[in-house]
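Some notes on the structure that comes next.
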Amino acid sequence: MKIEGASALVAGGASGLGAATVRALHDRGASVVIADMNAENGEALASELGDNAAFMEANVMEPEPVQAAVDAAADAPGGLRISVCCAGIGWAQRTAGKQGPHDLEIFHNVIKVNLVGTFNVLRLACAAMSDNEPDEEGERGVCINTASIAAWDGQIGQVAYSASKGGVVGLTLPAARDMSGRGVRVNTIAPGLFDTPLLGALPVEQRQALGAGIPFPQRLGRPEEYGELACHIVENTMLNGEAIRLDGALRMPPR
């Protein structure tokens with residue numbers, strides 16, 4: 001799939017991995033719709049990029065705002081060909097501990113945002129892409145979801161987060177198979193430890209210590225490295241139905 005001249009949607013695109021992906025796609029000539037709940041950051045990014053960048057406020061759990069963002073991308077020149085979902089939340093709590101059992105409402109909310117929200121973006125983007133004219137290889141679009149290495153290596157206290165990201169990994173292959181007849185590819189990126197706003201709240205020493213635990217390179221991942229992989233997935237037609245770890249060979253210990 002050619003990026004130049006295509007229209008892209010990036011959910012959770014106002015900061016972190018999503019913002020890096022927005023920049024990478026835009027730099028390669030795509031028109032990008034940034035969908036996020038953070039209007040201040042999203043509008044600032046769209047203003048910074050200028051032409052062929054627009055912000056739409058959307059919560060990935062809500063069908064109507066996501067549909068509006070999908071429609072905006074589909075109406076842009078080139079049509080919606082690329083969809084990337086980076087929206088997500090984290091939470092730390094043990095299955096049961098001194099304070100009692102894990103809060104069920106919080107578990108449900110993490111699943112709803114990370115898994116159901118991702119699927120909401122995926123299903124609506126896939127439906128829009130199905131109406132595209134196929135390119136010379138019969139391809140109509142590419143969808144990229146975001147999981148985490150916690151899908152395989154969940155640590156103590158990550159039961160909700162790991163379950164949600166494991167669900168994203170699990171839906172990747174059947175979704176790719178579902179959409180194969182329409183020429184729409186579905187892949188997932190599973191990042192390790194990245195220098196995003198989530199880790200940005202930690203002291204520098206702690207962030208450096210986390211990076212030093214990665215086999216190679218011994219540093220936190222850079223958001224632009226996620227964006228680069230997203231662009232490669234778009235351009236490499238044979239990549240389909242895969243969950244790709246982007247983690248410097250890190251395998252998370254129990255704690």
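None of the figures in this text is laboratory data; all of them are computed from the coordinates on show. Everything numeric here is computed off the predicted structure, so don't read it as measured data. In this analysis, Cβ positions are derived from the backbone assuming ideal geometry, glycine residues included, and neighbour counts consider all displayed protein chains.
For this structure, a couple of remarks:
- With 10 Å bins from 0: P(r) over the stretch 126-243, alpha-carbon pairs, percent: 13, 35, 31, 15, 5, 0
- Of the GluC sites (Glu not before Pro) found in the stretch 79-166, the ones in coil according to DSSP and having at most 13 other Cβ atoms within 10 Å of their Cβ are Glu136, Glu137.
- Percent of alpha-carbon pairs separated by more than 14 Å within the stretch 52-113: 68
- Angle of helix 16-27 to the longest C-alpha principal axis of the chain, folded into 0 to 90 degrees and rounded to 10: 20°.
- Whole-angstrom gap from the stretch 27-64 to the stretch 186-240, using each part's C-alpha centre: 21
- Gaussian network model of the chain, Cα within-10 Å springs - most flexible of Ser162, Ser148, Ser180: Ser180
- About its Cα centre, the chain has a charge dipole of approximately 1180 debye under the convention of +1 per Lys or Arg Cβ and -1 per Asp or Glu Cβ, with nothing else charged.
- Alpha-carbon centroid distance for the pair the stretch 81-113 / the stretch 136-151, whole angstrom: 22
- Furthest towards positive pole of dipole, Pro101, Leu115, Ser83, structure part the stretch 35-123, Cβ charges: Pro101
- Helix 39-49 vs. the chain, principal-axis angle (Cα, 0 to 90°, nearest 10): 50
- Computed from Cα positions, the angle between helix 63-75 and the longest principal axis of the chain comes to roughly 40 degrees.
- Computed helical MRE - 222 nm, the chain, DSSP H runs ≥ 4 contributing -39500 (n - 2.57), nearest 500: -12500 deg cm²/dmol
- Descending semi-axes in whole angstrom, ellipsoid equivalent of the stretch 56-183, from the Cα gyration tensor: 33, 16, 9
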